[in-house]
Amino acid sequence: MARGGALTTDDERPEHRAPSFQPALGDEMSRFVVHSRRTLVVAVSALAMLATAFVAPAAAHGSTIDPMSRNYGCWKRWGSDFQNPAMATQDPMCYQAWQADPNAMWNWNGLYREGVAGNHQGAIPDGQLCSGGRTGGTRYAAMDTIGNWTATNIASSSNFTVVSHDQARHGGDYYRVYVTRQGFNPLTTALKWSDLELVKDTGKILPGVGETTTDPVLNGVSVKIPVSAPGRTGRHIVYTIWQASHSDQSYYFCADVNFGGTGGSPSPSPSVSPSRTASPSPSASRSPSAPASPSGPSTPGSCSATYTLTGSWNGGFQAEVRVAAGSTAITGWTVTLAYPSGQTVNQAWNATVTSSGSTATAKNVSYNGALAAGASTTFGLLGTSTGTNTAPVPTCVAS
C-alpha cells in the first residue's frame, strides 16, 4: 500500500482521494519512502492520481483542526514518527489507534458517510459516534475507544472557536456543533447521542468561504465557528457534523477538550529512550504548565520522579509524573504522592494508582516498569482539588 506523495490505500474509493494533484498527506510520509525508490514511487503515485482525477467525483475532505479531531490529532503528533515505541506511554490512545489501523490517520480527512440524508442519529448507533458509525468498515473503529485521549485546553466553555478544515472549498449545508453535557466523563463512558447538546448550527456555508490556509499539506480553507456552551468545566467532547454541500456526504469529528484549562493543545512531545533518536513531530509542543516539583538525585538501582501540573480548572487538575531510572537498570517502580492541599486522585493512565486520603501510590504497569539506566517513562493523573493546588514532592522506589 503506497502513501506519501499521493499514495492511497488499496480499499480506498476513487472519491476518497485528494481533490487536487497535491496529495492529502503532502510530504509528511515521504520521509518513510526508501530513498533509492523515492522518485519512482512519487512519479507512479502522481500518475495514479492523474488517472483517477478525471473520473472521480469531487470529495470534500476535511476535519476539525482546532480543537483537533482524534485521528487528525494522532496524525499531526505522530505521523512523522508513528513507529516510535514511546507513543505507548506518552499518548496511549493514539498508540492503540495506530496499532488498530494506521489508515485512520493517513486518511484523517476522510471520516464521512454518504446518503445519510440528515438522519444522523438513525445512521450512527450510540457508542460509534466518533467513528461515524464504523464508516469504512473497521478503519475508524479505534476512534470510539474509551480512554484518556489527548485533550485541547480551552479557557472557557462560554466562548471558544471550532476551526474546521475544508480542503476542496466545497462549503457546507451546515456545521452542527455539539458538546457533551456537564457530568459526562469521556474517560470512562462511551459517547451516546443523549450525552450531547446542540450548541451551534451555522446554516449554509457558501463554497470557498473561510480563511485560506498556507499549510501546503492542508490546502483549502479553514472555517471558524464561534461557539458558546456555558456551564461546563473539565473534560468534554466537542462533536461536529459537517454536511458537505456538493453531495450527500456527512463528516463526523470527535475532539477532546478540557474546559477551564490553559495553554491550548497539550500535545505529547514524542521522545524515545536513549537508544533511538526520534524525528520531530509536526506539532510536538506541550502546553505551558506549572514548574515541575523537585526530585532527589538518582543513586544506583534507584529511581527519581518529577511531578508537573499540566492543566487545572475549578475543582480539578491534570498532572504528569516522569519516572527516571538511576545509573543502573530497574525492573519496576513505585511513586508516592502526598498532596499537601487535600487533593485526591481519581483517574490515572500508564500506572496503577491506589489512594488513601490525599496520598496516592502509583505502580508501574506491565509495559513501562523495566527502564534502562537513565531512561524514563511517564504516567498521567486526573484529580480533584478545593482551592489551593500545591504540587506534591514525589518519592520513587525502584525494584
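The values are calculated or read from the model by the stated rules, or taken from the named source; none is laboratory data. Bear in mind that the values here come from a model prediction, so they are computed numbers and not experimental data. Glycine also receives a Cβ, built like all others from the backbone with ideal geometry; neighbour counts cover every protein chain displayed.
One residue stands out among those in the range 244-263 that are out of contact with any helix residue (DSSP H, G or I) (no Cβ under 9 Å at 6 or more places or on another chain) and among the polar types (S, T, N, Q): the one that is farthest from residue 93 (Cα to Cα), which is 245. Within the range 224-234, the residues that satisfy the criterion of being surrounded by fewer than 19 Cβ atoms within 10 Å (Cβ to Cβ) and part of a loop (DSSP other than H, G, I, E, B) are 228, 230, 231, 233.
If I filter the range 181-197 for residues that are of a type in the set (Val, Ile, Thr) and closer than 17 Å to residue 260 by Cβ, do I get at least one hit? Checking the range 181-197: not a single residue is of a type in the set (Val, Ile, Thr) and closer than 17 Å to residue 260 by Cβ. Within the range 51-70, restricting attention to residues that are at pLDDT 50 or above, buried (at least 24 other Cβ atoms within 10 Å of the Cβ) and closer than 19 Å to residue 168 by Cβ, which residue is nearest to the chain's Cα centre (by Cα)? Only one residue tops the list, namely 69.
Listed by first and then second residue, the pairs with beta-carbon distance under 8 Å, at least 6 apart or on different chains, first residue in the range 206-219 and under 16 Å from residue 108 (Cα atoms), second outside any loop (DSSP other than H, G, I, E, B), are 218/65; 218/165. For residues in the range 135-144 being out of contact with any Phe, Trp or Tyr (no Cβ under 7 Å at 6 or more places or on another chain) and crowded, with 16+ Cβ neighbours inside 10 Å, which is modelled with the lowest pLDDT? By that ranking, first place goes to 136.
Within the range 137-148, the only residue that satisfies the criterion of being part of a helix (DSSP H, G or I) and among the charged types (D, E, K, R) is 144. Look at residue 237 and say whether it is surrounded by fewer than 18 Cβ atoms within 10 Å (Cβ to Cβ), under 22 Å from residue 77 (Cα atoms) and of a type in the set (A, V, I, L, M, F, W, C). Considered against the rule, which asks whether it is surrounded by fewer than 18 Cβ atoms within 10 Å (Cβ to Cβ), under 22 Å from residue 77 (Cα atoms) and of a type in the set (A, V, I, L, M, F, W, C), residue 237 comes out as no. Within the range 81-136, the set of residues being within 26 Å of residue 195 (Cβ to Cβ), of a type outside the set (A, V, I, L, M, F, W, C) and outside any loop (DSSP other than H, G, I, E, B) comprises 92, 95, 96, 112, 113, 114, 120, 121, 122, 131.
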